[in-house]
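Computed from the coordinates by the stated procedures, all read-outs in this text should not be read as laboratory data. These numbers were taken from a predicted model, which means no experiment stands behind them. Here the Cβ is made from the backbone with ideal geometry for all residues, glycine too, and neighbour counts use every protein chain on show.
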Amino acid sequence: MTMEFTDRLTRVEPSATLAISALATELENDGADVVDLSVGEPDFPTPENVVEAGKDAMDAGHTGYTTSAGILELREAISEKLADDGLEHGTDEIIVTPGAKQALYEIVQALVAEGDEVVLLDPAWVSYEAMVKMAGGSLSRVDLSETDFQLEPALEDLEAAVSDETELLIVNSPSNPTGAVYSDEALEGVRDLAVEHDITVISDEIYKEITYGVEPTSLGTLEGMEDRTVTVNGFSKAYSMTGWRLGYFAGPEELIDQAGKLHSHSVSSAVNFVQHAGVEALENTDEAVAEMVAAFAERRDLVVDLLEGHGVDVAVPEGAFYMMLPVDEDDQEWCEGALEDAHVATVPGSAFGTPGYARISYAASEERLQEGIERLVDEGYL
Ligand code: PLP
């Protein structure tokens, strides 16, 4: 029997970040000491009190299904967190998901129909493209690599990319893979275009808590954006909870109702005891988060200085834990070579729509970061 897969799926590439990680693991299994700068997860343990809250919730029997949108206690805590960011969303306007990725998937499925146009700001996180393609949408892309990955100087390009055909625009600030935090002026430019062309905007704020001396504005707080913004966030990055799979989205009730159907017919709900741990993460982790962010800030400075010492200038990230390293035009070959020869894993920029770069994650110890850069220099990659 020959299987006939849908075009929607066959047009999608497997995740490049996960592919590099798999290759790195293969090398490690063969005995190589790989410096893995490809991973998109904090190298810190989940805060102890959050782990305890998860265990306590299990012991208390919180192991059954929950309300599909998530336990009320967690949605209340999320609603309060969003209010601190200036966003007004009642518990009826929030859906808790198994990870922010699932939140994004549900929103894209709910809003994008066959042929609808979606605008991405490149480099863009790898799964946006895949999600849009899986929904049957088409992509219009804006290249930010000429403007040090900042959006404000590229607003004219964004204006050229959007039209009345545009259904959705995805904004991710702080950005994976660049670490850029978009200025208020840039976000106001997004708002003006969204209002003019009646576009819904996803504001993926999963790195909002990880910034260095800047306070990112939530797009939904801008006048005119309240009813056209869907805010996405999650617990993976800020609270070092990648494997717990917990995220959420908040938006206009209409969208929540529609996406809620998809949510209840696919995942049912996020894991019960994990949701209880999420309440603890939102309420009692300020110190742990601050410590982690301070460590990332030091590592960012270290990597930027080391690279500068080798004559490599990068756009200095203001958030998240990534930066884009300018490499050969054939970034795929560069990354494969760096992994094979120097045993340093990075992710090709072309996976994010921007060839000529490799993404470095500095969610690794200072020693490993130093070691990785030394190896890239020794093997002639820097
Ligand atoms: N959005 C961005 C920009 C990300 O980088 C990630 C993870 O790498 C996610 C969403 C999804 O996060 P999770 O599903 O782990 O909550």
Task: Peptides 225-236, 365-376 ordered by average Cβ neighbours within 10 Å, highest first - done: 225-236, 365-376
- [ ] Could you list which residues have their amide H under 5 Å from that of Thr229, counting only those 5 or more apart in sequence or on another chain, with H placed in the peptide plane?
- [x] Val201
Task: For segment 31-45, Karplus couplings with θ = phi - 60° (6.51, -1.76, 1.60), whole Hz, Gly/Pro x - done: x, 6, 9, 8, 8, 8, 9, 9, 7, x, 9, x, 8, 10, x
- [ ] Averaging sequence separations of C-alpha pairs under 8 Å and six or more residues apart, then dividing by the length of segment 30-109, give the relative contact order as a whole percent.
- [x] 21 percent
Open item on the list: Quick check: residue separation of Glu379 and Glu185 times 0.36 nm, minus the Cα distance between them. What number comes out in nm?
Closed with: 65.6 nm
Open item on the list: Can you compute log10 of I(q)/I(0) for segment 20-145 with the Debye formula, treating each Cα as one identical point scatterer, at q = 0.13 Å⁻¹?
Closed with: -0.91
Task: the chain pair-distance distribution - Cα-Cα, 20 Å bins, rounded % - done: 28, 59, 13
Open item on the list: Please give the Cα centre distance for segment 7-31 versus segment 66-111, rounded to the nearest Å.
Closed with: 30 Å
- [ ] For Glu336 and Asp33, compute 0.36 nm times the residue count separating them, minus their Cα-Cα distance, and round to one decimal in nm.
- [x] 107.5 nm
- [ ] Take every DSSP beta bridge with both residues inside segment 129-246 and express the antiparallel ones as a percent of the total, to the nearest 5.
- [x] 0 percent
Task: FRET efficiency for Asp59 and Ala113, using Cβ-Cβ distance with R0 set to 35 Å, rounded to 0.05 - done: 0.15
Open item on the list: With θ taken as phi - 60° and the coefficients 6.51, -1.76 and 1.60, list the Karplus ³J(HN,Hα) couplings across segment 207-220 in order, rounded to whole Hz; mark glycine and proline as x.
Closed with: 9, 4, 7, 10, 9, 10, x, 10, 10, x, 7, 7, 3, x
- [ ] Report the relative contact order of segment 65-283, percent, no decimals, based on alpha-carbon pairs under 8 angstrom and at least 6 residues apart.
- [x] 29 percent
- [ ] Straight distance only, please: which aspartates and glutamates reach the Cα of Lys55 with their own Cα at less than 20 Å, same-chain residues fewer than 8 apart left out?
- [x] Glu73, Glu280, Glu283
Task: Rough spin-label spacing in nm, given labels placed 7 Å along Cα→Cβ, for Ala294 and Ser15 - done: 3.1 nm
Task: All lysines inside 29 Å of Lys261 as judged from Cα atoms, apart from same-chain residues fewer than 8 positions distant - done: Lys81, Lys101, Lys133, Lys208, Lys237
Open item on the list: What does DSSP give for segment 65-283 in terms of the percent of beta bridges that are antiparallel, rounded to the nearest 5?
Closed with: 30 percent
Task: Computed over the chain: relative contact order in percent, which uses C-alpha pairs under 8 Å that are six or more apart - done: 25 percent
Open item on the list: Just to be sure I understand the model, the point goes 7 Å from the Cα along the line to the Cβ. What's the resulting Asp192 to Glu366 distance in nm?
Closed with: 4.4 nm
TODO: Would you work out which of Val327, Leu306, Ala363 lies farthest towards the positive end of the dipole of segment 286-368, given +1 charges on the beta-carbon of Lys and Arg and -1 on that of Asp and Glu, about the Cα centre?
DONE: Ala363
Open item on the list: Please list 3J(HN,Hα) in residue order for segment 135-148, calculated via the Karplus relation 6.51 cos²θ - 1.76 cosθ + 1.60 where θ = phi - 60°; whole Hz, with x for glycine and proline.
Closed with: 8, x, x, 10, 10, 10, 10, 10, 8, 9, 6, 7, 10, 6
Open item on the list: Let me spell out the model: positive unit charges on the Cβ of Lys and Arg, negative unit charges on the Cβ of Asp and Glu, origin at the Cα centre of segment 65-283. What dipole size does that give, in debye rounded to 20?
Closed with: 1320 debye
Open item on the list: Please report the antiparallel percentage of the DSSP beta bridges confined to the chain, to the nearest 5.
Closed with: 45 percent
- [ ] Using packing as a proxy for protection, rank 142-155, 26-39, 89-102 so that the peptide with the highest average count of other Cβ atoms within 10 Å comes first.
- [x] 89-102, 142-155, 26-39
TODO: Report the full-extension gain for the segment Asp148 to Val312: residue separation times 0.36 nm, less the Cα-Cα distance, to one decimal in nm.
DONE: 57.6 nm
Open item on the list: Quick check: pseudo-label points 7 Å beyond the Cα along Cα→Cβ at Val51 and Asp286, how many nm apart are they?
Closed with: 2.4 nm
- [ ] Note the direction-averaged projected area, equal to a quarter of the hull surface, for the Cα convex hull of segment 65-283, in nm².
- [x] 10.8 nm²
